[in-house]
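Scroll down for the structure; my scribbles are underneath it.
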Amino acid sequence: MNDVAQAAPLQQQRRQRHEANKLAKRLHRQVGQAISDFRMIEPGDKVMVCVSGGKDSYALLDILLALRQRAPVPFDLVAVNLDQKQPGFPEHVLPEYLASRAVPYHIEQQDTYSIVKRLVPEGATLCSLCSRLRRGILYRVAGELGATKIALGHHRDDMVATLLMNMFFGGRMKGMPPKLVSDDGRHVVIRPLAYVAESDLERWAEARHFPIIPCNLCGSQANLQRAQIKQMLREWERHDPGRIDNMAAAMGRITPSHLMDRNLHPFTTLQATGVSDREGDKAFDDDCSNTGAGQPVRLVNQAAAAPTRTR
């Protein structure tokens, strides 16, 4: 009995190591694939990784540090944190962690907390103003540091949630792209976690023991639209696994002729061509089930594998 009792913890440890190795391989593969698909990082780039103290930005920096060691192109990393002077913010945590990873870093101290609290009425959503202030400061810092790319820690679930927020509350089909030019036109912003599920990032944060710093600038604000959307997505995924992956894959497989944007497709000038097109009048017919529709779509490399159709 003693031998059996002693073996059980060892078996559990082996299983945990095995699962952690599988997770590490998946995360590194997905991030590497996103970088490749959208050409996020090029030879000689200096990538400014925005580190907030949350699980997503920790994971982003961690994975990029590992990928840099075996990347086919040389690039540099610099970690940047914006200390917004929130009351009780543990200022020592990030500098100590970043120093332990031997990565160059810069802590930018700006009291945006007081500005947001002063300008936003009590009970109103703080995110919009806070985000605008943070963006402007980070763009300035990127220029001062000579960064050629700004890497943010938004993941697959963030991108899908943004699409739904714009649809439900903004009346627009607009998401959060994996790569874009900044508002001021001077910087390229990248999101290397574009293919990564939030649940995997949660597990990675636990496995890597990141010193998480909770964001309490907005208090609880549990009724935020984004929080509601994320909860809805989690419910969908629990009842129908693979749905978030399907939605994320759909963002890279657009058929403009089957939407309603007259700027993307010439609806007003359409004429019969006399040429047969079996997909031309199909939206989501019953026989789609014969081709695998409704099953989880593998997200990685979907953008490259399925180009935009404009017929």
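Just so you know, all these numbers are worked out from the coordinates, no wet-lab data involved. Computed from a predicted model, the values in this text were never measured in an experiment. Cβ atoms come from the backbone with ideal geometry, glycine included; neighbour counts cover every protein chain shown.
I need the shape label for the range 14-219. Rule: rounded when a/c is under 1.5, else prolate if a/b > b/c, else oblate, with a, b, c from the alpha carbon gyration tensor. Because its axes are fairly even, with a/c under 1.5, the range 14-219 counts as rounded. The count of lysine pairs in the range 14-219 whose Cα atoms are under 23 Å apart, excluding pairs fewer than 8 places apart on the same chain, comes to 11.
Distance between the C-alpha centers of the range 47-63 and the range 142-221? Whole Å please. So the two Cα centres are separated by 10 Å. Are there trypsin sites (Lys or Arg not before Pro) in the range 150-214 that DSSP marks as loop and that have at most 16 other Cβ atoms within 10 Å, and which are they? Loop-located and lightly packed - Arg172, Lys174, Arg186.
By other beta-carbon atoms within 10 Å, ranking Ser52, Ser276, Ser57 with the fewest at the front produces Ser276, Ser52, Ser57. Taking all Cα pairs closer than 8 Å and separated by 6 or more residues, the relative contact order of the range 14-219 comes to 28 percent. Provide the percentage of antiparallel DSSP beta bridges, counting only those with both residues in the range 14-219; round to the nearest 5. Antiparallel: roughly 15 percent of the beta bridges in the range 14-219.
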